[in-house]
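These notes are about the structure you will find just below.
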Amino acid sequence: MKRILLFLIGVLIVIVEGSITNYVDILGVSVNFLLIYITIISLYLDDIEAVTIAVLLGFVKDVALGSIFGVNALILAVVAYGISNLNDKIYKNSYITVFALVFITSLIDSIVNIVLLGTVYQTYDILHIFIKGICTVPLVNSIGSLIFYYIFKGSILKLKKD
């Protein structure tokens, strides 16, 4: 039941991302709440559960928001697998940990998107891609993760108990 609920919350996040947060720009980028969500729940799930939820939500995001099919599923699966394997080696209840993990996962997300989608949509120069993809996106997502974690910390800690 917990897995189904986590999946449905992720679908709700995809809907909110597609309808609201993609139109709210902070420094020219929008916060990727699904990446933040997968990063945080992967801290408390084992690798098979985390990867399964991440792949399914990645496909939902690809279908709902339009992208090269499978890119988000691939990124979220790698993130979920990596973090779920680290979950017993790191301190989970720290804002610094969440900030750092989301920064790293956002960096991975940006690099994969630059490599895969940059060849398709060659619209910006290298300096603009570097500043936006390597500096701005991870920073905005990390700050967004602190807000997300602060608001939902009680619910996240209940996930830890289950």
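The values are calculated or read from the model by the stated rules, or taken from the named source; none is laboratory data. Quantities reported herein were computed from a predicted structural model and do not represent experimental measurements. Cβ sites come from the backbone with ideal geometry, for glycine too, and all protein chains shown count toward neighbours. We work out accessible area using only protein heavy atoms, side chains counted, and drop any ligands, DNA or RNA first. Shrake-Rupley method; radii C 1.70, N 1.55, O 1.52, S 1.80 Å.
Brief remarks on what is shown
- Using alpha-carbon coordinates, inclination of helix 71-86 to the longest axis of the chain, degrees: 40 degrees
- Helix 95-118 axis versus longest C-alpha principal axis of the chain: approximately 40°, rounded to the nearest ten.
- The residues of the range 50-107 have, on average, 47 Å² of accessible surface per residue, using a 1.4 Å probe with all protein chains present.
- Label-to-label distance, nm, for residues given as Y95 and I68 (7 Å Cα→Cβ offset): 3.7 nm
- Secondary-structure-derived ellipticity at 222 nm for the chain, considering helices only, amounts to -24000 deg cm²/dmol, per-run term -39500 (n - 2.57) for DSSP H runs with n ≥ 4.
- Selection among A54, A100, L5 by position relative to the dipole of the chain gives L5 as farthest towards the positive end (Cβ unit charges, Cα centre).
- Nearest 10 degrees, 0 to 90: helix 2-19 Cα axis against the chain principal axis: 30 degrees
- Alpha-carbon radius of gyration plus Dmax, which is the widest Cα pair, for the chain in Å: 15.0, 47
- Bridgeable aspartates and glutamates around K132 (alpha carbons under 13 Å apart, same-chain partners fewer than 8 residues away excluded): D25, D109.
- Positive-end residue of I20, A77, Y37, charge dipole of the chain with Cβ unit charges: Y37
- Carbon + sulfur, % of accessible area of the range 1-109 - ligands and nucleic acids excluded, 1.4 Å: 74 percent
- Summed residue charge, Cβ within 13 Å of V98's Cβ, Lys/Arg positive, Asp/Glu negative: +2
- 3J(HN,Hα) along the range 32-49: 8, 5, 5, 5, 5, 4, 5, 4, 6, 5, 5, 5, 10, 10, 6, 4, 5, 5 Hz, from the Karplus curve 6.51 cos²θ - 1.76 cosθ + 1.60 with θ = phi - 60°, whole Hz, x for Gly and Pro.
- Estimated distance in nm for a label pair at L86 and I20, the labels positioned 7 Å out from Cα along Cα-to-Cβ: 2.9 nm
- In a simple Cβ point-charge model (Lys, Arg +1; Asp, Glu -1; nothing else charged), the chain has a dipole of about 480 debye relative to its Cα centre.
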